[in-house]
Amino acid sequence: MSTDGTVRRELRWTDAGGRGLEHCLLTLDGAGLVLEGAVAGTRDGSYGAHYTVRADAQGRKREVRLRYVGGPDLHLTADENARWHDVLRGTPLPDLDGCLDVDIGITPATNTLPIRRLGLAPGETRAVRAAYVPLPSEIEDAFRPRPAEQRYTRLADRVWRYDGLFRDFTAELTVDDLGLVLDYPVLFRRLGTADGAADGAADGPESAGPPAAPAGRPADEAGT
């Protein structure tokens, strides 16, 4: 942790077969959270990409940038009311209204956003609506996200179940103290760590981890 209280964590993921590689940096301070990563991906094809995701301290305002090497670019913003805007085209995206999270298909990094925002206690579950950013192979016309219904359930302190309701997919995710994925069965696994510590990066205080839910709060029933 830096002298100003900023937490930085660098880490790497590979795909389940150990072929692709992603380098990601999480930066967390009083203004919010930033995820930045470079991906050499192999999920449903081969591609390179760079992304940046910014979220404010309340986990509501968003800015998303993604560029596929040799392919299309994306630059989106969302206000505190979850109204999305395509910055490159200068147009609103009403189909995404109500999406509080973004799910970039090429990376497990964005699972951190709802995990931290929801702050569920073990046993609690919550449905979310995310703006899903497609893989290169999934782009049909304009490069834009689409709404995706999802559900997150906290099974234990650092174990979450993710249900991609929009694609009938379920996985149990193990995460570290900041809510970053360690293991995402079938799709991604983290390199260089066995116990959730930072992969060669500065750690912040334990209070920088996913927010704890108030004791006794009832569960709310209800991507990547």
What are the pairs with Cβ atoms under 7 angstrom where one residue, in region 156-184, is farther than 19 Å from W13 by Cα and the other, located anywhere, is not in a strand (DSSP E or B)? Sequence gap at least six, or different chains. A156/P122; D157/P122; G164/G223
Starting from region 26-53, keep only residues that are among the polar types (S, T, N, Q), then list their pairs with residues that are in a loop (DSSP other than H, G, I, E, B) whose Cβ atoms are within a distance under 6 Å, requiring at least 6 positions of separation or different chains. T42/R19; T42/G20
Selected residue (only one of P147, P122 is at pLDDT 95 or above, in contact with a Lys or Arg (Cβ under 7 Å, 6 or more places away or on another chain) and under 21 Å from H85 (Cα atoms)): P147
Looking for whichever is of a type outside the set (D, E), farther than 24 Å from L33 by Cα and in contact with a Pro (Cβ under 7 Å, 6 or more places away or on another chain) here; the options are A156, A131, A142, A171. Which one fits? A171
Filtering region 118-153 down to residues that are polar (S, T, N, Q) and surrounded by 18 or more Cβ atoms within 10 Å (Cβ to Cβ) yields T125, Q150, T153
Taking I115 as the residue in question, decide whether it is modelled with pLDDT under 95, more than 16 Å from A38 (Cα to Cα) and surrounded by 14 or more Cβ atoms within 10 Å (Cβ to Cβ). no
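The values are calculated or read from the model by the stated rules, or taken from the named source; none is laboratory data. Everything quoted here is computed from the prediction, not taken from an experiment. For neighbour counting, all protein chains shown are included, and Cβ atoms are generated from backbone atoms with ideal geometry for every residue, glycine included.
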